[in-house]
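Participant: Okay, handing you the structure first.
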Amino acid sequence: MNPDPMAATTLFVEPNDVLVFRDGRPFDAGADHLATGPFPPPPSTLYGAVRSALLAHAGARFDEPAFGLTGDEAAVLGTHTAPGSLSIGPPVLALKSRTGLHRLYPVPLDLLARKDGAGPEAVLLRPAPETGAFGKSNLPRGLRPLLPATPHPAGTFYERMGGLLTEEGFAALLAGIVPDSSQVVRVDEVFVREPRTSVSLRGDALHDFTGTGLNGKLFTVDFVRLCEGYGLAVDVQAGPIAVPRSGLLRLGGEGRTAGFTQCEPLPADRPAFEAGTKQVRVVLLSPAPFDAGWLPDGLDAGMLGGIRVRLDGAAVGRPVNVGGWDIAAGRPRPTRPAAPTGSVYFLTLEQPSDAAALFDSLDGQSLCSGADAQQGLGYVRLGLW
């Protein structure tokens, strides 16, 4: 039993080999020869892997509707058609060292790199001043363009900031401070992609399998290999049932395995703010399938977390697909567009005294509800701008 039924257990998931994940696009060898997917994988992928591992640990009988479980285990792990109360937080890349577990965060979309003769320079964006003469705009809902917090000469060019932010760098960004270069980690220091080319084989494994290749059926699969010491960190809320201190789970395609262990993460500090704080930024830590597309639910009415706010600006990336496979029904789940990880929303509070209440209700929580929130979608961190 967990000492605190409401406490989350942090698992560090370390693959035993390369992993492969697919996006929601259809794939047919010979027609579309590249099978690729996002990394880190969608939270729902980790949710399914963790739930399956916990079911196996509980001795579930998968041929029975309720897996043969009763009591707390049945309530938490659910049935074939209802997942129960099990929930996870957003999975993030992490480094496990002797000093603990150090999480890495995708660079939010309001942090760009300035290009000049001296090399790239990190630049933080924020909504243009309300009195600024920035010209006409077709931005919806009266949003203001995002401009560099520090003005630069005319003709300066900017590009997407690559890499990942350390815990310290992400905390600095939430406080409205530009992270320094030591707080940015290159992606290829954490994982590399290994494309592997193969060919579809004739027949099927159960009946007339011959093992000969089919003409014109070459395809390439994009595998991912994590560098030594790196893995995925995910917070698991399993209520009163026991979470194993270590074990194995199947993760991604081809039944690849990964080991997991319980870890103590570094605490996530809330940025300090004064009593008169009005300007708050909301950063997505995981994809969010909002009902209004790119816009968090409730913001169209000027409300978020029960607090009245005004949306002044947004840095939102191209939508990603959220779906998956329904094992019970034997068919794909409906694919939905979602605002991507790293999207940022700039809010102004109507009442500055509401800042503490907004942080208390939303910081480190999900803007989604129901099964989406349980599966780690729509989680956010709050900061200042």
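We did not get these values from a lab; they are worked out from the coordinates using the rules stated. Everything quoted here is computed from the prediction, not taken from an experiment. Using ideal geometry, Cβ is built from the backbone for each residue, glycine included, and neighbour counts are taken over all protein chains shown.
Participant: To two decimal places, what compactness ratio does the stretch 35-97 give when its Cα radius of gyration is scaled by 2.2 N^0.38 Å?
Facilitator: After normalising by residue count via 2.2 N^0.38 Å, the value is 1.32.
Participant: Let me ask something else about it. Give me Asp372, Asp17, Asp363 sorted ascending by neighbouring Cβ count inside 10 Å, so fewest comes first.
Facilitator: Placing the least packed residue first, the sequence is Asp17, Asp363, Asp372.
Participant: Using the reciprocal of the averaged 1/r over all distinct C-alpha pairs, how large is the Kirkwood radius of the stretch 103-188 in Å? Provide the component values of the computation, followed by the final result.
Facilitator: On the way: mean 1/r = 0.0706 Å⁻¹.
Kirkwood radius, the stretch 103-188: 14.2 Å.
Participant: Then there's this: Run through the stretch 69-105 and list the trypsin sites (Lys or Arg not before Pro) located in a DSSP loop whose Cβ has at most 13 other Cβ atoms within 10 Å.
Facilitator: Listed in order of number, the matching sites are Arg98.
Participant: What residues have an amide H closer than 5 Å to that of Val190, excluding those fewer than 5 places away on the same chain, when H is modeled at 1.01 Å from N in the peptide plane?
Facilitator: none
Participant: Neighbouring Cβ atoms within 10 Å as the yardstick, rank Ser353, Ser286 fewest first. Walk me through the intermediate numbers first.
Facilitator: Values: Ser353 11, Ser286 29.
Taking fewest neighbouring Cβ atoms as first place, the list is Ser353, Ser286.
Participant: Run through every distinct alpha carbon pair of the stretch 279-384 and return the Kirkwood hydrodynamic radius in angstroms, one decimal place.
Facilitator: 14.2 Å
Participant: Still on this structure, please answer the following. Show the residues, 5+ positions off or on another chain, whose built amide H is closer than 5 Å to the amide H of Gly324.
Facilitator: Here Arg333 satisfy the definition.
Participant: Find how much the distance from Asp188 to Arg318 grows on full extension, using 0.36 nm per residue of separation minus their present alpha carbon separation; answer in nm with one decimal.
Facilitator: Residue separation times 0.36 nm, minus the Cα-Cα distance, leaves 44.5 nm.
Participant: While we're looking at this one, here's another question. Neighbour counts of other C-beta atoms within 10 Å: give me Ile307, Ile177 arranged from fewest to most. Don't jump to the answer; show the numbers that get you there.
Facilitator: Values: Ile307 20, Ile177 15.
Least crowded to most crowded, the residues run Ile177, Ile307.
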